[in-house]
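Okay, structure first, notes after.
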Amino acid sequence: QVQLVESGGGLVQAGDSLRLSCAASGRTFSRYAVGWFRQAPGKEREFVAAIIRWRSDSTYYEDSVKGRFTISTDNAKNTVYLQMNSLKPEDTAVYYCAVQDPDGGLILVRSPGSYHYWGQGTQVTVSS
């Protein structure tokens, strides 16, 4: 069992920055993926970024956030971060973090249905 709590959302102007945090508790994994997703009203849940922790880290980003967002981890704090720079109004959404336990199998980074644990989300609003 894993519990995830997001924080760091808020109301900002276009061009500003925010850093979202996802604090994890519960069991640990030797090989796993952590993803960030977002969902705006009336739209489907959208993949944002992910990191796979296994020997060397591998990171993945949705095209619209490449060069602006960075995913990172602090293992000592059991926390995953999403640094968001140059925010745009179209980034407005509820942001969720999620953990995928591959149980020795393949990791499907961009697929929401492949993630086993989810946080409750944090609202990010970007004004023009």
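Relative to one another, the C-alpha centroids of region 80-128 and region 30-68 are positioned 6 Å apart. Were the residues from GLU62 through SER7 laid out at 0.36 nm apart, the gain over their Cα-Cα distance would be 17.7 nm.
Give me the percent of the accessible area of the chain that comes from carbon and sulfur atoms, probe 1.4 Å, all protein chains in place. Carbon and sulfur: 45 percent of the exposed surface of the chain. Evaluated at q = 0.17, 0.28 Å⁻¹, a Debye calculation over the C-alpha positions of region 75-128 (equal weights, vacuum) places log10 I(q)/I(0) at -0.73, -1.16. Taking other residues whose beta carbon is less than 9 angstrom from the beta carbon of TYR81, and scoring Lys, Arg as +1 and Asp, Glu as -1, yields 0. Over region 81-128, accessible surface divided per residue gives 48 Å², non-protein components excluded, 1.4 Å probe. Residue order by solvent-accessible surface for GLU90, GLU6 is GLU90, GLU6, largest first, with ligands and nucleic acids left out and a 1.4 Å probe.
Here the dipole of the chain is about 200 debye; that uses its Cα centre as origin and unit charges on the Cβ of Lys and Arg (positive) and Asp and Glu (negative). Under 5 Å from the amide H of TYR117 lie the amide H atoms of VAL99, each residue being 5 or more positions distant or on a separate chain, with H modelled from the backbone and absent for Pro and chain starts.
For region 41-105, a crude dipole built from +1 on the beta carbon of Lys and Arg and -1 on the beta carbon of Asp and Glu, taken about the Cα centre, is about 180 debye to the nearest 20. Cβ-Cβ distance of SER111 and THR70, R₀ of 25 Å, FRET efficiency by 1/(1 + (r/R0)^6): the value works out to about 0.70. Placing dummy labels 7 Å off each Cα toward the beta-carbon, the span from GLU44 to ALA23 is 3.4 nm. For the chain, the Kirkwood radius over C-alpha pairs fed into Stokes-Einstein at 25 °C and 0.890 mPa s yields D = 167 µm² per second.
The values are calculated or read from the model by the stated rules, or taken from the named source; none is laboratory data. Note that this is a predicted model, so its numbers are computed, not measured. Please note: Cβ atoms are built from the backbone with ideal geometry, for glycine as well, and neighbour counts cover all protein chains shown. For the accessible areas, the whole protein counts, side chains as well, though only heavy atoms, and no ligand, DNA or RNA atoms are used. Shrake-Rupley method; radii C 1.70, N 1.55, O 1.52, S 1.80 Å.
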